[in-house]
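Structure first, then comments.
The values are calculated or read from the model by the stated rules, or taken from the named source; none is laboratory data. As the structure is a prediction and not an experimental result, all values here were calculated from the model. Ideal geometry is used to build each Cβ from the backbone, glycine not excepted, and the neighbour counts take in all protein chains shown.
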């Protein structure tokens, strides 16, 4: 089997592309699935909805295989049909948020007639945000603490005595740290260092390793579950694709959930907006589309994408200030 090439557009079915991707090698997946009989020729290639959902589940299983334990997944869907996808993806991933993209400049506003309508106007789309399974007991703080306890004959109680409850009793803080349920603060770590000679590592060293271990989530855009973003494409008419997503929305989601140098997989390349933002942010990416004209569109868009520093360096500076 031919090895996958990074930063490459594949003119093929996403399931064929994923066969070439190694297990747990992808940090982010942005899956702007076909919505099923909503818009675009690609939305009408299944004989019925059941066949469509079976295909969605095959994709979900492959996403599970290639996504890293600390990776993130975004799944787009139509407001009336996203629930069926959620049932599938909930079996394989951990749902973090069910988000609503509110199209604040939706053209549907102009067709809305309060006198004639017999339902609520729809100018939203849905985005499901998922995390993968990660063993938090293997985070750098947990591993280091367990090693210190084992090699220096210290008991959990010896450490717990340093962090009594408000009433003076023992707490479960040490067990929580070992299990990964909590991570000690800098102040708590300094107490350990001042009380025992065994804790030699700097806190910043551990926190940086921890940040690389856990799922990335850095949200300076202050995104909430309701995403108020312009469609943009209705205004610019820049790319000839029926279901393109706005660059600002795509960038915000991608940048929130990745580190510089991460690998993003975009199974349905479409107009190339997500790939363009990955290119701008300095991420590696893999994408594809069944239609050659969209593959060409993506490649042209990537060529014109200009790299930016983005928020990654700002985040690292803040971490180093611990």
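Would you check if there is a residue in the range 41-64 being in a loop (DSSP other than H, G, I, E, B), modelled with pLDDT under 90 and surrounded by 15 or more Cβ atoms within 10 Å (Cβ to Cβ)? Don't jump to the end; show me each part of the working.
If we filter the range 41-64 for residues that are in a loop (DSSP other than H, G, I, E, B), which is where we start, we get 44-48.
Adding the requirement that they be modelled with pLDDT under 90 leaves 44-47.
Still in the running and surrounded by 15 or more Cβ atoms within 10 Å (Cβ to Cβ): 46.
Within the range 41-64 (the criterion being in a loop (DSSP other than H, G, I, E, B), modelled with pLDDT under 90 and surrounded by 15 or more Cβ atoms within 10 Å (Cβ to Cβ)), the answer is yes, since at least one residue qualifies.
Checking each residue in the range 166-177 for being part of a helix (DSSP H, G or I) and farther than 18 Å from residue 205 by Cα picks out 173, 174, 175, 176.
For (1) farther than 30 Å from residue 263 by Cα; (2) in contact (Cβ under 8 Å) with a residue 60 or more places away in the chain; (3) assigned to a loop (DSSP other than H, G, I, E, B), each residue gets a yes or a no:
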position: 115; (1), (2), (3): yes, no, yes
position: 122; (1), (2), (3): yes, no, yes
position: 141; (1), (2), (3): no, yes, no
position: 150; (1), (2), (3): yes, no, no
position: 164; (1), (2), (3): yes, no, yes
position: 192; (1), (2), (3): yes, no, no
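All of (1) out of contact with any strand residue (DSSP E or B) (no Cβ under 9 Å at 6 or more places or on another chain); (2) in a loop (DSSP other than H, G, I, E, B); (3) touching a residue at least 40 places away in the same chain (Cβ under 8 Å) hold for residue 216 with one exception: (1).
Can you spot a residue in the range 117-125 that is touching a helix residue (DSSP H, G or I) at 6+ places or on another chain (Cβ under 6 Å), modelled with pLDDT under 90 and crowded, with 16+ Cβ neighbours inside 10 Å? Scanning the range 117-125 turns up at least one residue that is touching a helix residue (DSSP H, G or I) at 6+ places or on another chain (Cβ under 6 Å), modelled with pLDDT under 90 and crowded, with 16+ Cβ neighbours inside 10 Å. Scanning the range 245-284 for residues that are more than 13 Å from the chain's Cα centre (by Cα) and in a helix (DSSP H, G or I) returns 247, 248, 249, 273, 275, 276, 277, 279, 280, 281.
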